[in-house]
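Chemist: Have a look at the structure that comes next, please.
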Amino acid sequence: MPEFLGGGLVFEDILPLAWAPGPLPQGVVLGRLNSDNQQLLGAESSLDEVRVQEALKDESPALLHELQRLEFKLNVLLRLTSELAKRSHSLPPPRHIRLSSGGLEWIGEDAPAMGSAGILDLYINTTLPQPLRLPATVVGRRPDPKSAAAQMQFSGLNDHVIELIEKLIFRHHRRLVAGSRLSPNSRP
């Protein structure tokens, strides 16, 4: 793993990603950006599998069934709304990324140039067609076996947003571990 991203867990995936070069936001604009990111990360974490049966094990089976039915309906509604939003506003092309709480590596020749600053729009969940908006500066480049990687350091994210990004990375890692355990090729 590249040193730039630190020694902790890293979220690696191919996700829609866009770059808008320009000055880094400050003041009220940065506060609004942090607030929007916090709200999006909170919404994304709420989409994780909820163990309703565990939470309501002492409640009646009829209540449990009704809550599961409502959750299913909300999931269908969320997916339909997401599809409508995608039709009216196309997502940027998916790109190979590595994400940590302090920065992102954009792997590909189309990555921004060294020293440039701007806003990364990272779509972390296809059911939520709203991006994380991450102020960043390209602080390095490194060769990658497939092409090159631009190392982008985040700027101005508040502590709560950083913590929520860390939780997102942990949930992603946990799903990968769970998936590898369920894989027919994995060994006990």
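Chemist: Sort 37-47, 19-29 by packing, meaning the average of other beta carbons within 10 Å per residue, with the highest value first.
Modeler: 37-47, 19-29
Chemist: Just in region 107-164: which trypsin sites (Lys or Arg not before Pro) are loop by DSSP and have at most 11 other Cβ atoms within 10 Å?
Modeler: Lys146
Chemist: When Asp159, Asp144, Asp110 are ordered from fewest to most other Cβ atoms inside 10 Å of their Cβ, what list results?
Modeler: Taking fewest neighbouring Cβ atoms as first place, the list is Asp159, Asp110, Asp144.
Chemist: Name the GluC sites (Glu not before Pro) in region 89-183 that are in a loop by DSSP and that have at most 11 other C-beta atoms within 10 Å, would you?
Modeler: Glu109
Chemist: Order these by the 10 Å Cβ neighbour count, fewest first: Thr127, Thr137.
Modeler: In order of increasing Cβ crowding within 10 Å: Thr127, Thr137.
Each value in this text was obtained by applying a stated rule to the coordinates, not by laboratory testing. All of these numbers come straight from a predicted model, not from anything done at the bench. We place every Cβ from the backbone using ideal geometry, glycine too, and count neighbours over all the protein chains shown.
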